[in-house]
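Worksheet for the structure shown next.
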Amino acid sequence: MARGDLSKSPGNGKKIDTLCYEVVQVDGFEPVRLLIDVFMSKNFGHSESTPKPVTGASFNLICEGERVEGTDINACITAMRSKLDKRFAIKWTRWLKVSIERSRLYDVSGGTGIELQWKEVERGKAFDGSDLMRTINLHGGKTWKIEPWPEYFKNRRGKTLACIESTEENLAALEEFKQKIDQMRVVLADFVSPEKIDETLRIISNGGMNLIPHHQ
């Protein structure tokens with residue numbers, strides 16, 4: 001082939017169109033609006049004369065650093081949309097809402113209890129930088145409920161709750177915390193055993209048995 005004898009259009013080819021495409025990250029939230037540049041590249045046959053005969057053509061689609069090339073424009077558009085949907089899909093991470101709650105007691109005249117709870121939520125970042133929270137809606141056929149990530153987590157009484165990332169280390173620490181509460185329950189049960197309950201109540205009545213340390 002002689003020097004300068006091109007077999008294909010230079011670069012990406014000639015730009016022939018720009019397609020608008022919206023990636024819907026979350027239903028009900030603003031979609032990601034993108035522009036797909038469409039180029040057509042021609043293939044040339046060898047010839048001593050000009051213009052050279054066109055032997056074929058292909059399309060180059062470029063958007064946000066993604067590239068698709070092929071001879072079927074519809075297949076190229078479908079492939080590019082698939083790439084963009086995957087690229088801009090929200091990546092969710094697991095978090096845990098942690099709280100100490102009063103146990104619900106049924107069929108008893110009086111008493112109280114304690115529950116260490118952690119409930120899973122998921123956190124993701126939208127294209128606009130906003131943080132989102134995803135939870136399972138058990139009353140809606142186990143569908144996802146998505147809403148903005150709250151500034152503070154609160155229980156039904158309005159008390160602020162901690163929310164931590166669900167890592168192996170955090171889960172292990174919570175399990176250990178749970179075991180310590182189980183151990184404490186065994187110790188407390190001994191205070192109301194038949195042999196000790198009278199003494200326990202007498203000590204409490206006299207202002208003793210301070211289980212909670214006083215803050216200085």
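Computed from the coordinates by the stated procedures, all read-outs in this text should not be read as laboratory data. Predicted model, so just to flag it, every value in this text is computed and none were measured. Because the Cβ atoms are built from the backbone with ideal geometry, glycine has one as well, and the counts that use them run over all protein chains shown.
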What spacing in nm lies between the two simple spin-label points modelled at E120 and K15, each 7 Å away from Cα in the Cβ direction? 4.6
Taking a crude spin-label model, label points 7 Å out from Cα along the C-beta direction, the S103 to H139 distance in nm is 2.7
Along the three principal axes, how long is the chain when you take its alpha carbons, biggest first, rounded to the nearest angstrom? 113, 34, 33
For T160, what is the net charge nearby, where nearby means another residue's Cβ is under 12 Å from its Cβ and Lys, Arg count +1, Asp, Glu -1? +3
Roughly speaking, what is the stretch gain from E176 to D131, that is 0.36 nm per residue apart minus the C-alpha to C-alpha distance, in nm to one decimal? 13.2 nm
Can you put F39, F191 in order, fewest other beta carbons within 10 Å first? F191, F39
What dipole magnitude, in Debye to the nearest 20, does the chain give about its Cα centre under +1 on Lys/Arg Cβ and -1 on Asp/Glu Cβ? 500
With a sphere of radius 11 Å drawn around the Cβ of R67, what net charge do the other residues whose Cβ falls strictly inside it have (Lys, Arg +1; Asp, Glu -1)? -3
Out of I114, I77, I90, a Gaussian network model of the chain with alpha-carbon springs under 10 Å gives the largest mean-square fluctuation to I114
Would you please report the Å³ per residue occupied by the convex hull of the alpha carbon atoms in the stretch 100-148? 109
If the viscosity is 1.002 mPa s and the temperature 20 °C, what Stokes-Einstein diffusion coefficient in µm²/s follows for the stretch 93-205 when Rh is the Kirkwood radius over Cα pairs? 123
What is the Cα centroid distance between the stretch 132-176 and the stretch 93-128, reported in whole angstrom? 8
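Can you pull out the GluC sites (Glu not before Pro) in the stretch 100-188 whose DSSP state is coil and whose Cβ has at most 12 other Cβ atoms within 10 Å?
Values: sites: E101, E115, E120, E122, E151, E165, E168, E169, E175, E176; in loops: E151.
Loop-located and lightly packed - E151.
For R123, R156, R67, what ranking results if the residue with the fewest other Cβ atoms within 10 Å of its Cβ goes first?
Working: R123 18, R156 6, R67 12.
Ranked by crowding around the Cβ, least crowded first: R156, R67, R123.
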Would you please give the residues with an amide H less than 5 Å from that of A57, counting only those at least 5 places away or on a separate chain, with H modeled from the backbone geometry? N43
